[in-house]
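What follows is a set of notes on a single structure, which appears directly below.
The values are calculated or read from the model by the stated rules, or taken from the named source; none is laboratory data. Quick caveat, the model's predicted, so the values are computed rather than measured. Virtual Cβ from ideal backbone geometry, glycine too; neighbours counted across all protein chains shown.
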Amino acid sequence: MSTTTGTAVDTATANDTATTEAAVPERGALRALLPALAEHRAMTVRTCAAALLEQGSLVALVTLAAHTVGTAVIEATAPTSGAVTALVALVVVRALTTWREMDLSHDLAYRVLAALRVRVFDGLARSAPARVAGRRSGDLAATAQADVEALEFFYAHTTAQLLAAGTVFTGGAAVLATLDPWLLAAVLPVAALLAVAPFADARGRAVRGGRTRTAVATLSADTVEVVDGLRELLAFGTLATRRRRLAERGRQVGDAQRAEATWEAVTAAVRDLLIVVAVLGVVAAAAQSTAAGRLHGAWAPAATALALAVLGPVAESARSLSQAVSLRAAAARVGAAVKAPALAPPPTAPRPLPPGPLGVRLHRVRFDYGGGPVLDGVELTVGAGQTLALVGASGAGKSTCAHLLARFWDPSAGQVQLIPAEGDPLDLREVDDAELRRAVALVGQETPLFHGTLAENLRLTAPDADDDLLAETARLCGVDRIAPLSTPVGERGSTLSGGQRARIALARALLAEPRVLILDESTAHLDNASDARLAAALRQEGRTTIVIAHRRATIRRADRIAVLEAGRIAEEGTWEELTGRPDSTLHRSLSHMAP
């Protein structure tokens, strides 16, 4: 590996590390996810009741056992049958409620996580492609999987346990105060310290947790990229560089996790020390009260056991709350995905699309990606059943027009309309999304294929398509010449060439029988003969087709041509009209095109 390459990797790593350490998760991210429990109100109540019985039975068990032993020692009498029966019953209740609480809490947590995953995917789909385009696929996978999974601890071990611990401590404190106020005085300061500790170090825990979640997400994103680009990395001899970077990512994850674990070990030791101090205080107070005659001797061990029993859940709740605070980063990432705004919000009063052919119109359309305008007052109309070739230099905004026509975004000004044969034009913002997807299909420059057979990939757009329609569409697009439809294509179509993937994408779009078809350089991988055959197949009567292409033959076959330049339609006409003008802007575009 060259020194320059190594320095670049080191610099990128340092920048990523600095970004990771600077991340501070927002406050309230965990509270924002509490309403998810409302959908499972009955199970939440049962979980809280089981946690209360589980903790309460333990307190009663150890207190009664200590009192029974104390009575037996002081009075030199055997325990009564009632005391023995109560102890046995409490042991059984404790065992059953422990099992039941664990069962209910995890059942509740996994039900919430299942719903949360769907909401995360809904949020990503709602805000796609703009929000998704700005993030790496591995990072998105970490949010949808690892971050959601991390919240299992929050839902299973926090809410019900906090409520139960607070109730049990209140009851135990009342008993201690009844026995002797000095017993309560020995317990209260320690309980207060245990309760306050997670909040006192909340920021530090959130930062450490955020560092871990960011490091894990970065490692996930880098790993996905290396796996996807393995052939290219091997071909160009750069795999060692990427392996070095992955190793560094792994070290960052290990360092972040070690920092969290070390701090948790220290705080656990401090919690244990505080409980020991409280118990010693209770022992001293009990001894003094017994000597002064304020407390029966049998209650001295019982008070000590009671203090230990009520402080245990408080300490455990403090530990759970501390760990939950460290999940704030995961909660913030999940919350952001769930609440992602819709880049194309659904219409409040959708208008139905009339049957029959549809034309399209971009009327004074302006659009930008946050910088300068990409489209600046575009005016373009394509009649129903026409084929339009959209031409222009790279970066002129052709793909942006395609995305606006598919309503991946809404224009910042102007309208994108569907024009029926009869009736008024419909703004895409007035059309229900499901109906729009059935009417308008976009075949992009990339062809996303999924692990499965050719037939399964084709049926993505029309799951109920019969075998005859599937076979006919495959024949029209030449998919049947690739392999039998039952052939697995491999993950992301790894076994197929670019031209084969383009055929599949076209067939998949045609299977949905759209009334408007947009082809964004989707035939670039095809040879001229295949491109011509596909063009003939696409000329279905009544279908409106918009072709973005950089091949002269493809453009020449279109009914009309529109040239996009500087965010506007520079000129429009037929092939003969535009090429017949010596000053036509089309000539500049054609000079850079293949035949």
Output yes when any residue across the stretch 298-312 is at pLDDT 85 or above, assigned to a helix (DSSP H, G or I), within 21 Å of Thr158 (Cβ to Cβ) and not small (Gly, Ala, Ser), and no when none is.
yes
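Answer yes if at least one residue in the stretch 462-482 is outside any helix (DSSP H, G or I), in contact with a strand residue (DSSP E or B) (Cβ under 8 Å, 6 or more places away or on another chain) and surrounded by fewer than 21 Cβ atoms within 10 Å (Cβ to Cβ), and no otherwise.
Kept after step one, since they are outside any helix (DSSP H, G or I), are these residues of the stretch 462-482: 462-466, 477-478, 482.
Now restrict to residues that are in contact with a strand residue (DSSP E or B) (Cβ under 8 Å, 6 or more places away or on another chain): none.
No, there is no match, as no residue in the stretch 462-482 is outside any helix (DSSP H, G or I), in contact with a strand residue (DSSP E or B) (Cβ under 8 Å, 6 or more places away or on another chain) and surrounded by fewer than 21 Cβ atoms within 10 Å (Cβ to Cβ).
Leu405: outside the structural domain of Val283 (by TED's automatic domain parsing), modelled with pLDDT under 80 and not small (Gly, Ala, Ser), yes or no? Show your work before the answer.
On the way: outside the structural domain of Val283 (by TED's automatic domain parsing): yes; modelled with pLDDT under 80: no; not small (Gly, Ala, Ser): yes.
No; evaluated as a whole, the condition is false for this residue.
Here is a yes/no grid of residues against (1) acidic (Asp, Glu); (2) touching a Phe, Trp or Tyr at 6+ places or on another chain (Cβ under 9 Å); (3) outside the structural domain of Ala197 (by TED's automatic domain parsing); (4) over 20 Å from Asp147 (Cβ atoms):
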site	(1), (2), (3), (4)
Ala215	no, no, no, no
Asp222	yes, no, no, no
Val227	no, no, no, yes
Arg245	no, no, no, yes
Ala256	no, no, no, no
Glu260	yes, no, no, no
Gly297	no, no, no, yes
Leu308	no, no, no, yes
Scan the stretch 150-171 and give yes if some residue there is over 27 Å from Ala109 (Cβ atoms) and of a type outside the set (Phe, Trp, Tyr), otherwise no.
no
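Name the one entry in Ala344, Ala330, Ala340 that is closer than 22 Å to Leu113 by Cβ, buried (at least 19 other Cβ atoms within 10 Å of the Cβ) and in contact with an Asp or Glu (Cβ under 7 Å, 6 or more places away or on another chain).
Working: Ala344 fails: closer than 22 Å to Leu113 by Cβ; Ala340 fails: in contact with an Asp or Glu (Cβ under 7 Å, 6 or more places away or on another chain).
Result: Ala330 is the single residue among Ala344, Ala330, Ala340 that is closer than 22 Å to Leu113 by Cβ, buried (at least 19 other Cβ atoms within 10 Å of the Cβ) and in contact with an Asp or Glu (Cβ under 7 Å, 6 or more places away or on another chain).
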In this structure, does Ala562 turn out to be of a type outside the set (D, E, K, R), at pLDDT below 80 and more than 27 Å from Pro355 (Cβ to Cβ)?
no
Among what's in the stretch 182-215 and is charged (D, E, K, R) and within 30 Å of Gly281 (Cβ to Cβ), pick the residue that is farthest from the chain's Cα centre (by Cα).
Asp201
Checking the condition in the same structural domain as Ile419 (by TED's automatic domain parsing), at pLDDT below 85 and more than 30 Å from Leu380 (Cα to Cα), which residue from Arg459, Arg503, Arg552, Arg492 passes?
Arg492
Identify all residues within the stretch 80-106 that are within 14 Å of Ala164 (Cβ to Cβ) and of a type in the set (Ser, Thr, Tyr); write none if there are none.
Thr97, Thr98, Ser105
Go through the residues of the stretch 267-283 one by one and say whether even a single one is more than 14 Å from Leu176 (Cα to Cα), in a helix (DSSP H, G or I) and touching a Ser or Thr at 6+ places or on another chain (Cβ under 8 Å).
yes
